[in-house]
Amino acid sequence: MGRLLGIDHGTKRVGLALSDPLKIIAKPFQTLTYKDFNDLSSQLKSIIIENDIEGIVLGFPIGMQGQRTQQTDKVAEFAELLKYAVDVPIALEDERLSSISAEKSLILQNVKTGHNKGRIDETAAAIFLQQYLDRTR
């Protein structure tokens, strides 16, 4: 029984979250930095194999009024490239406010967020992965 991998894609960092094998709970996993798409896809392929990933949930940054933004287009392009690089299905999940929620959650846990943007990214990935798990259960 495989896990799902949540990906919060950014231009500098990629926050990752994993589901448990039963696909009930999502938790922050790690943050990747990368040079280019080939570097990132290589890192993701290793994570997919090591963690028995059977699907990816990619955060889709839709504007607050439901409109496409520059970041929406960047993530859509990344999703297209990724589907040819990895051999697992990819679902898009609305990630509106996930980074804000992640930062607030970490602050409530007394985690300093100023120099720890990676922690926010992986927590945001866990938030929208959990949202996906809850919605598809």
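The values are calculated or read from the model by the stated rules, or taken from the named source; none is laboratory data. Just so we're clear, the structure is a prediction, and the values are computed from it rather than from any experiment. Cβ coordinates were reconstructed from backbone atoms using ideal geometry, including for glycine residues, and neighbour counts include every protein chain displayed.
Odds and ends about this structure:
- Residue within the stretch 11-29 that is modelled with pLDDT under 95 and farther than 18 Å from Asp121 by Cα present: no
- Selection over the stretch 1-35 of residues that are under 11 Å from the mean Cα position of the chain (by Cα) and among the aromatic types (Phe, Trp, Tyr) gives a count of 1.
- Residue in the stretch 59-68 that is at pLDDT 95 or above and crowded, with 20+ Cβ neighbours inside 10 Å present: no
- The set of residues in the stretch 20-70 being in contact with a Lys or Arg (Cβ under 8 Å, 6 or more places away or on another chain), aliphatic (A, V, I, L, M) and without any contact (Cβ under 8 Å) to a residue 40 or more places away in the chain consists of Leu32, Ile62, Met64.
- If you go through the stretch 71-112 and pick out every residue that is part of a loop (DSSP other than H, G, I, E, B), at pLDDT 70 or above and β-branched (Val, Ile, Thr), you end up with 2.
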